[in-house]
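Below you'll find the structure, written out as C-alpha coordinates, and then a few comments.
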Amino acid sequence: MKKKIGIIILTIICLLILLGIALIFFKENENNIDKTEKIIVEELFGEYLKQEITNNEDIDEIIKIINNRTQMSEDETVPYGGLPHYRLKLLDRKDEVILTVDFYDYSNDDEYYGYISIDDTGYNIDVKALLEIIND
(Lines give C-alpha, C1' and ligand atoms only; values in the text may rest on other atoms or scores of the structure.)
Protein backbone atom coordinates (compact mmCIF):
# COMPACT_ATOMS: atom_id res chain seq x y z
CA MET A 1 0.00 0.00 0.00
CA LYS A 2 2.79 2.42 0.93
CA LYS A 3 4.54 1.55 -2.34
CA LYS A 4 1.46 2.51 -4.41
CA ILE A 5 1.09 5.85 -2.57
CA GLY A 6 4.80 6.59 -3.11
CA ILE A 7 4.49 5.87 -6.86
CA ILE A 8 1.40 8.09 -7.13
CA ILE A 9 3.14 10.96 -5.30
CA LEU A 10 6.26 10.57 -7.48
CA THR A 11 4.10 10.56 -10.62
CA ILE A 12 2.29 13.73 -9.53
CA ILE A 13 5.61 15.48 -8.77
CA CYS A 14 7.00 14.52 -12.20
CA LEU A 15 3.87 15.79 -13.94
CA LEU A 16 4.05 19.10 -12.05
CA ILE A 17 7.72 19.51 -13.03
CA LEU A 18 6.90 18.83 -16.69
CA LEU A 19 4.01 21.29 -16.55
CA GLY A 20 6.29 23.95 -15.05
CA ILE A 21 8.90 23.42 -17.78
CA ALA A 22 6.21 23.66 -20.47
CA LEU A 23 4.85 26.92 -19.00
CA ILE A 24 8.33 28.45 -18.87
CA PHE A 25 8.99 27.42 -22.48
CA PHE A 26 5.74 28.92 -23.78
CA LYS A 27 6.13 32.09 -21.71
CA GLU A 28 9.59 32.77 -23.17
CA ASN A 29 8.32 32.35 -26.72
CA GLU A 30 5.61 35.02 -26.44
CA ASN A 31 5.99 38.10 -28.61
CA ASN A 32 6.34 40.74 -25.92
CA ILE A 33 6.68 43.97 -27.85
CA ASP A 34 6.79 45.97 -24.63
CA LYS A 35 10.42 44.86 -24.29
CA THR A 36 11.39 46.64 -27.53
CA GLU A 37 14.61 48.62 -27.19
CA LYS A 38 15.24 49.44 -30.85
CA ILE A 39 13.30 49.37 -34.12
CA ILE A 40 14.98 48.83 -37.46
CA VAL A 41 13.01 50.37 -40.34
CA GLU A 42 13.91 49.12 -43.81
CA GLU A 43 12.47 50.92 -46.81
CA LEU A 44 11.90 48.26 -49.47
CA PHE A 45 10.92 50.64 -52.29
CA GLY A 46 12.53 53.83 -53.49
CA GLU A 47 15.90 54.60 -51.97
CA TYR A 48 16.11 51.40 -49.89
CA LEU A 49 16.96 53.30 -46.74
CA LYS A 50 17.57 51.66 -43.41
CA GLN A 51 17.23 53.51 -40.13
CA GLU A 52 17.29 52.72 -36.44
CA ILE A 53 14.77 54.16 -34.03
CA THR A 54 16.14 54.24 -30.49
CA ASN A 55 14.19 57.18 -29.07
CA ASN A 56 11.98 55.76 -26.29
CA GLU A 57 9.10 58.12 -27.08
CA ASP A 58 9.05 57.06 -30.75
CA ILE A 59 9.32 53.38 -29.80
CA ASP A 60 6.45 53.73 -27.33
CA GLU A 61 4.33 55.50 -29.96
CA ILE A 62 4.99 52.77 -32.57
CA ILE A 63 4.12 50.07 -30.03
CA LYS A 64 0.92 51.97 -29.22
CA ILE A 65 0.02 52.13 -32.93
CA ILE A 66 0.68 48.39 -33.35
CA ASN A 67 -1.28 47.49 -30.21
CA ASN A 68 -4.26 49.61 -31.39
CA ARG A 69 -4.52 47.70 -34.67
CA THR A 70 -7.78 46.18 -35.83
CA GLN A 71 -7.92 43.10 -38.00
CA MET A 72 -9.07 43.72 -41.55
CA SER A 73 -12.40 42.17 -42.40
CA GLU A 74 -12.50 39.30 -44.87
CA ASP A 75 -14.45 41.34 -47.43
CA GLU A 76 -12.11 44.34 -47.17
CA THR A 77 -10.04 44.70 -50.31
CA VAL A 78 -6.32 45.32 -50.18
CA PRO A 79 -5.53 48.18 -52.56
CA TYR A 80 -2.36 46.94 -54.17
CA GLY A 81 -0.80 44.00 -52.31
CA GLY A 82 2.68 43.03 -53.44
CA LEU A 83 5.72 43.90 -51.37
CA PRO A 84 5.48 46.13 -48.32
CA HIS A 85 6.86 49.65 -48.51
CA TYR A 86 8.55 49.32 -45.10
CA ARG A 87 9.59 46.46 -42.85
CA LEU A 88 9.86 47.16 -39.14
CA LYS A 89 11.91 44.84 -36.94
CA LEU A 90 11.30 45.28 -33.23
CA LEU A 91 14.43 44.27 -31.30
CA ASP A 92 14.99 43.60 -27.63
CA ARG A 93 18.03 44.70 -25.63
CA LYS A 94 20.02 41.72 -26.98
CA ASP A 95 19.23 42.80 -30.58
CA GLU A 96 17.05 39.72 -31.06
CA VAL A 97 13.94 40.16 -33.19
CA ILE A 98 10.77 40.23 -31.11
CA LEU A 99 8.39 40.93 -33.99
CA THR A 100 8.57 41.74 -37.71
CA VAL A 101 5.90 44.04 -39.11
CA ASP A 102 5.36 44.67 -42.82
CA PHE A 103 3.94 48.15 -43.48
CA TYR A 104 2.08 48.70 -46.74
CA ASP A 105 1.75 52.41 -47.49
CA TYR A 106 -0.28 53.81 -50.40
CA SER A 107 -0.65 57.38 -49.16
CA ASN A 108 -0.58 60.53 -51.23
CA ASP A 109 -0.20 64.16 -50.17
CA ASP A 110 -3.70 64.56 -48.74
CA GLU A 111 -4.94 61.08 -47.88
CA TYR A 112 -3.40 58.21 -45.95
CA TYR A 113 -3.97 54.60 -46.98
CA GLY A 114 -2.19 51.54 -45.79
CA TYR A 115 -2.10 48.66 -43.38
CA ILE A 116 0.33 46.41 -41.56
CA SER A 117 0.80 42.69 -41.85
CA ILE A 118 1.93 40.46 -39.00
CA ASP A 119 2.34 36.77 -39.82
CA ASP A 120 0.42 37.25 -43.09
CA THR A 121 -2.60 38.78 -41.34
CA GLY A 122 -3.62 42.30 -42.35
CA TYR A 123 -4.45 44.98 -39.78
CA ASN A 124 -5.73 48.54 -40.06
CA ILE A 125 -3.68 51.12 -38.18
CA ASP A 126 -3.17 54.87 -37.88
CA VAL A 127 -1.13 55.19 -41.07
CA LYS A 128 -0.51 58.93 -40.72
CA ALA A 129 0.92 58.61 -37.20
CA LEU A 130 3.24 55.76 -38.19
CA LEU A 131 4.48 57.64 -41.27
CA GLU A 132 5.21 60.73 -39.20
CA ILE A 133 7.48 58.71 -36.90
CA ILE A 134 9.20 56.77 -39.69
CA ASN A 135 9.80 59.82 -41.86
CA ASP A 136 10.85 62.09 -38.98
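Conditions (1) open to solvent by 90 Å² or more (accessible area, probe 1.4 Å); (2) within 20 Å of residue 127 (Cα to Cα); (3) part of a loop (DSSP other than H, G, I, E, B); (4) at pLDDT below 80, marked per residue:
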site	(1), (2), (3), (4)
11	no, no, no, no
21	yes, no, no, yes
25	yes, no, no, yes
30	yes, no, yes, yes
40	no, yes, no, no
51	no, yes, no, no
58	no, yes, no, no
78	no, yes, yes, yes
Quick check on region 119-136: of everything there that is free of Cβ contacts under 8 Å to residues at least 40 places away in the same chain and surrounded by 15 or more Cβ atoms within 10 Å (Cβ to Cβ), which residue is farthest from residue 39 (Cα to Cα)?
127
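The values are calculated or read from the model by the stated rules, or taken from the named source; none is laboratory data. Just so you know, these numbers come straight off a predicted model, no measurement behind them. Virtual Cβ from ideal backbone geometry, glycine too; neighbours counted across all protein chains shown. Surface accessibility is based on the protein's heavy atoms, side chains included, excluding ligands, DNA and RNA. Shrake-Rupley method; radii C 1.70, N 1.55, O 1.52, S 1.80 Å.
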